[in-house]
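Notes follow once the structure below has been shown.
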Amino acid sequence: MKKVAIVLVFIAFLFSGNAFSQSAPLSKGGKQLNFGIGLGDWGLPVYVGLDFGIHSDITIGPEIFFNLDDNNNGLGAAFRGDYHFNRILGIPNEFDFYAGLNLNHYFYFDSNYKPEHPTNIDFQIGGRWYWSDWGLNLEFGGGYYHNGGKFGLSKKF
């Protein structure tokens, strides 16, 4: 319930500004680097990924992550796709609100531990606040490897 309340407050914050723009933060053909830390139930996930704009409202891209844990370190990879709601909701350019799916696979370094499902399809919902080509990124969901969400920076190219 606490996560739902946080998401609702974040969405309300996104809509609190004046809706003066109709363009998406990452246009077709644009690229964006994302990196930061995850908020998981165990360990500390660190991630880096790329977004590629394939439509004014859609991005796809790879992501890699490393989970730092005392007992079960691991490395993983994901391919994700997101729909960005800026254009249809009239959200200003300095904000980005998105949701999507990812296909991820986790490789554990501890040979004694084998997860039940190392490959998963998961969802994410998030937002960004840009102050230039740089932005802060906050995301919830994301799947097995950072199921509490993640926080980081984004850089548009």
Look through region 46-88, keep the residues that are polar (S, T, N, Q) and buried (at least 20 other Cβ atoms within 10 Å of the Cβ), and return whichever of them is nearest to PHE151 (Cα to Cα).
ASN67
Conditions: (1) open to solvent by 40 Å² or more (accessible area, probe 1.4 Å); (2) at pLDDT 90 or above. ILE91 meets all but one. Number of the miss?
(1)
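The values are calculated or read from the model by the stated rules, or taken from the named source; none is laboratory data. This is a predicted model, so every value here is computed, not measured. Cβ: placed from backbone, ideal geometry, glycine included. Neighbour counts: every protein chain shown. Surface accessibility is based on the protein's heavy atoms, side chains included, excluding ligands, DNA and RNA. Shrake-Rupley method; radii C 1.70, N 1.55, O 1.52, S 1.80 Å.
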